[in-house]
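Every number in this text was worked out from the coordinates using simple rules, so none of it is lab data. Worth saying up front: this structure is predicted, and the values here are computed from it rather than measured. Reconstructed Cβ throughout: ideal geometry from the backbone, glycine too, with neighbour counts over all protein chains shown.
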């Protein structure tokens, strides 16, 4: 028989009669134990089931109540809550049995004499067929000799759904914890380990059992240098801090260190009960390695691995601070720049250039101590910080060793490379507030070394700073000179030595300074070269010279076969659009290309011979004539000399000046003239000031010459007078070249 009892049924008990069990109010919930009452004294007996006060309670009880025949399980009576619960009218519900109300198998109801039965969730069915969970409590009653069961029924749908949701939630959280990427741990307030996630083995290499056996196991495998983290955690907990975080290293079971990021949080229950400590640990080894790599890249040059500019400035700043605190602390800073590195880069390619920088960095490091700093400051510039030096002589000796080592030839990528460096040195105890100021002075010294002919070493002094400041002033004035049209061109005639006829002019730049008057090229051209202003100034000279020559040729018949010679600097020769610019100027001014002769010094050509050959061939293709200036002062090879498409060799004035005192000079000039003629070139001698020089050069078959013997450089108006025949050339040796 299906009844509303618990799942295991109820064992029979001796029938007993309880009296006055209902004399007190009935229990309000089915969870309270029921009792057996004798209702024979009830006025209504079985017809009314209970006396009026009890019936009133029965009908108004908030829980559903059913009076059942203990033998047949038929419903004898039901209160309003039961009717509402099951959805029946009273007459429909009366007489129904437990089987009909049950939504599933039920255990037997209490047999007569059983005072109460345990509560157990069961499924019941409403009139509309909906099945719902209930908790049923039984109490045995006696009325007029009849055994009756009082069933108290409560719908527990909401609670069971909540319980189910809670179980599912717990299951989900356990799955999350068990399969979490992080290592999750929960310690009780007394420190006992309550839970550890399976990820412990992946992160530490140790199984969960190792942790359960020793709750402080994670602390035990912490790398010694990070043990203090756990003291900090305990101190934080003692201060009642609710959260704690730290990064540290542990020793993995494989013997390698791992970086761990630990986050701890104290957990409290309702009412503030201490539930213990929850911690989450994540393996951040890869992230830490990336951070360290990024930090290294932020402070080191990726090509050479040397400290970069940022770290270099920091190290120098530290040295400056030490020098202020310690009287016996001495340092030196070397600023190093490779000579002609651009030639290697441009001719052999950037890969070879990069390998050269790597090799140079190794050479520098090999000459210094471990406590010193070698940094790549940028491009082909290096900075060396020498610390704890005994004397200035020691620093200079190290700098000299570095310079000499760099000069040793290198074999790279199948090329034998010869390179040198210019070095500037700043020595303590000069007082600097900023590392940038110190490096500025070292850079100034380096540039002065480079100006002295490269492969040189220069120690900074205050005179160099004053010179640098003066260069800045000159640079500022040069920029204004371009804007204010302060430049003028003087022309020095070039004479055919045989018949003394005019063959052309060399255009020489002069600066009419508003305060200083006429400034000679030697006082500003080197500044223009250093600052790059030589490019716009040089183009201006070419443009003005072509314009003036075109005008002379248009107005003077004797000017038709003349040429105007214009000097071309190294920076101009390296311009990628030089040929196009020259072509555009010639077209714009209407000057025939053969009337323009560009003069390039021997040293400029040999600075980057491959580039020079390429540029000169393209200029030659325009029809422009070319001259190698200052021949004999450089280091041209005959092989390259044959490659240069040059029309004229100009013998440097230094050889002409010694013609009257050194027979060797005449032999050199004779050899140069013979060499030039053998390659189809003519020769121009510079700096002729004495008649005997003129006579000797004629004997040596030198075609042309220029110098104060014939004319000093003069303004365009004077050349106009010469072309008109109003003025005859004469010597006026009162102005230098």
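With angles folded into 0 to 90 degrees, how steeply does helix 462-484 sit against the dominant principal axis of the chain? Use alpha carbons for both and round to 10.
Between helix and principal axis, roughly 80 degrees.
With a cut-off of 8 Å between alpha carbons and a minimum separation of six or more residues, what is the relative contact order of segment 180-289 in percent?
Reported as a whole number, the value is 28 percent.
Where the centroid of each part is defined by its Cα atoms, how far is segment 538-566 from segment 255-291 in Å?
The two parts, judged by their Cα centres, are 84 Å apart.
For the pair residue 614 and residue 488, what calculated FRET efficiency results from E = 1/(1 + (r/R0)^6), where r is the Cβ-Cβ distance and R0 = 30 Å, to the nearest 0.05? Please report the intermediate quantities before stating the final value.
Values: r = 33 Å, r/R0 = 1.10.
Taking R0 as 30 Å, the efficiency between residue 488 and residue 614 is 0.35.
Rounded to the nearest Å, what's the spacing between the alpha carbon centres of segment 334-379 and segment 678-734? Just the number, please.
About 47 Å separates the Cα centre of segment 334-379 from the one of segment 678-734.
If the chain between residue 347 and residue 580 were fully stretched, how many nm would it gain, using 0.36 nm times the residue separation less the Cα-Cα distance?
81.7 nm
Show me the ranking of peptides 148-154, 666-672 by mean Cβ neighbours inside 10 Å, starting with the highest.
Highest to lowest by the protection proxy: 148-154, 666-672.
Under 13 Å from the 7 Å Cα→Cβ point of residue 128, by amide nitrogen: which residues of segment 66-86?
Backbone N within reach: 85-86.
Could you sort the peptides 567-577, 466-476 by per-residue average Cβ neighbour count (10 Å cutoff), highest mean leading?
Going from most to least packed, we get 567-577, 466-476.
In the set (1) 53.8, 167; (2) 33.0, 118; (3) 27.3, 89, which value of Rg and Dmax of the Cα atoms in Å was calculated from the structure you see?
After the calculation, the listed value that fits is (1).
What translational diffusion coefficient, to the nearest whole µm²/s, does segment 475-724 have by Stokes-Einstein, given a Kirkwood radius computed over alpha-carbon pairs, a temperature of 20 °C and 1.002 mPa s viscosity?
Taking Rh from Cα pairs, D becomes 115 µm²/s.
Could you calculate the contour length gain from residue 267 to residue 668, that is, 0.36 nm times the residue separation minus the distance between their Cα atoms, to one decimal place in nm?
134.5 nm
Peptides 91-99, 67-75: what's the order by average Cβ count within 10 Å, highest mean first?
Peptide ranking by packing, descending: 67-75, 91-99.
How many angstrom lie between the C-alpha centres of segment 577-600 and segment 488-537?
Value for the Cα centre distance between the two parts: 18 Å.
With the contact rule set at Cα under 8 Å and sequence spacing of 6 or more, what percent relative contact order holds for the chain?
Worked out over the chain, it gives 6 percent.
According to the Kirkwood expression over distinct Cα-Cα pairs, how big is the hydrodynamic radius of segment 180-289, in Å? All intermediate terms of the calculation are to be shown ahead of the outcome.
Numbers: mean 1/r = 0.0700 Å⁻¹.
Hydrodynamic radius (Kirkwood, Cα pairs) of segment 180-289 is 14.3 Å.
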